[in-house]
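For reference, the structure discussed in these notes is given below.
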Amino acid sequence: MTPVFPRGTLLRSLLLAMLAAMLLSGCGSIKKMFKDKDANEGLPVVQLYEKGHAQMVKGHWSSATEVYKRLVAQYPYGPYTEQALVETAYAQFKGGLNDDAISTIDRFIRTYPTHRNIAYLYYLRGLVNSNRDTIFLQRVWSLDASRRDLSTPEQAYNDFKIVTDRYASSRYADDARTRMVELRNLFARHDLDVALYYLRRGAWVSAADRATSMLETYPQAATQNDAVAILAEAYTRLGNKPLADDARRVLEQNDPQHPWLRGDWPDYPSHLRRMNPFATERSALDRH
């Protein structure tokens, strides 16, 4: 015997079945609507590289990096991948992502130690390291980088030295040498600030020792005459007339206009300026 359903019950069943079918058929469309599809996924390697390079040319560093990341993920090996990594490091550097740039560079150096562009990667790492943690302080607050932690500038110096020592004939060697001179002046300025601090505190022996070390470690630095002036001042304060006279004689020969010879140096910072841990002591170099 065939069961008999009330008309209302049958109608409700049909409506529920139709609704279920609509929901099932619509799931795919809903998923597609909310799916975050990568427009670069599946593109050929050449097309990906050209797209990323076009973003580089326009200076769109973040967009270029995203495209190159997709290229490297899809095509881990090959000349396009190698070039994409090189350009990724540069884009990260230009975009201010210095830590990311260092990571990319180190990965490249480990993977391709004999690559034709390896000199450039060491040079670029030097640029990044000499730039890390100093742009904001120098450009926004006009603070002296020599008063800060010198670990990354020292790494930059080592990077540039690798370029000049191992790849002396590369196109980056001359600029690397110039930047090494600038970094040496930075290191010397750091030692000068320490010596001036000792001088201001009346620690004459420590001031003389630091000035002597600075002259031995960084000969021909831009602040070498200031170091001689510190020696003259420290030995004068210590009552060591022969050494004080020697330092004065050297200073008169090399920098006869130095303010110490007129009794106008060191010019210590004001109390308010000394409260700034990054503010530099004033040297004769600041006056020129």
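The figures follow:
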{"quantity": "T178 being loosely packed, with under 15 Cβ neighbours inside 10 Å, assigned by TED's automatic domain parsing to the domain that holds L238 and more than 22 Å from A229 (Cα to Cα)", "calculated": "yes"}
{"quantity": "Some residue of segment 133-143 being touching a helix residue (DSSP H, G or I) at 6+ places or on another chain (Cβ under 7 Å), at pLDDT 95 or above and part of a helix (DSSP H, G or I)", "calculated": "no"}
{"quantity": "Subset tally (residues that are of a type in the set (S, T, Y), under 14 Å from the mean Cα position of the chain (by Cα) and modelled with pLDDT of 95 or more) for segment 97-132", "calculated": "4"}
{"quantity": "Lone qualifier among L215, L192 - being touching a residue at least 24 places away in the same chain (Cβ under 8 Å), assigned by TED's automatic domain parsing to the domain that holds D264, part of a helix (DSSP H, G or I) and among the hydrophobic types (A, V, I, L, M, F, W, C)", "calculated": "L192"}
{"quantity": "Scope segment 218-254; condition in contact (Cβ under 8 Å) with a residue 12 or more places away in the chain and not in a helix (DSSP H, G or I); matching residues", "calculated": "Y218, A221, A222, T223"}
{"quantity": "Members of segment 195-212 that are more than 32 Å from the chain's Cα centre (by Cα) and assigned to a helix (DSSP H, G or I)", "calculated": "L199, R200, W204, V205, S206, A208"}
{"quantity": "Hits in segment 88-119 - residues which are surrounded by 20 or more Cβ atoms within 10 Å (Cβ to Cβ) and of a type outside the set (G, A, S)", "calculated": "T88, Y90, Q92, F93, I102, T104, I105, F108"}
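This table checks each residue for (1) over 26 Å from the mean Cα position of the chain (by Cα); (2) among the acidic types (D, E).
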residue	(1), (2)
K161	no, no
V181	no, no
H190	no, no
D193	no, yes
M214	no, no
T217	no, no
T236	yes, no
L243	yes, no
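The rows are residues; the columns are (1) modelled with pLDDT of 95 or more; (2) within 22 Å of G96 (Cα to Cα); (3) not assigned by TED's automatic domain parsing to the domain that holds G95; (4) not in a helix (DSSP H, G or I).
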residue: A20; (1), (2), (3), (4): no, no, yes, no
residue: S29; (1), (2), (3), (4): no, no, yes, no
residue: K32; (1), (2), (3), (4): no, no, yes, no
residue: D36; (1), (2), (3), (4): no, no, yes, yes
residue: G52; (1), (2), (3), (4): yes, yes, no, no
residue: S62; (1), (2), (3), (4): yes, yes, no, no
residue: E66; (1), (2), (3), (4): yes, yes, no, no
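The values are calculated or read from the model by the stated rules, or taken from the named source; none is laboratory data. Everything numeric in this text was worked out from a predicted model, so none of it was measured. Cβ atoms come from the backbone with ideal geometry, glycine included; neighbour counts cover every protein chain shown.
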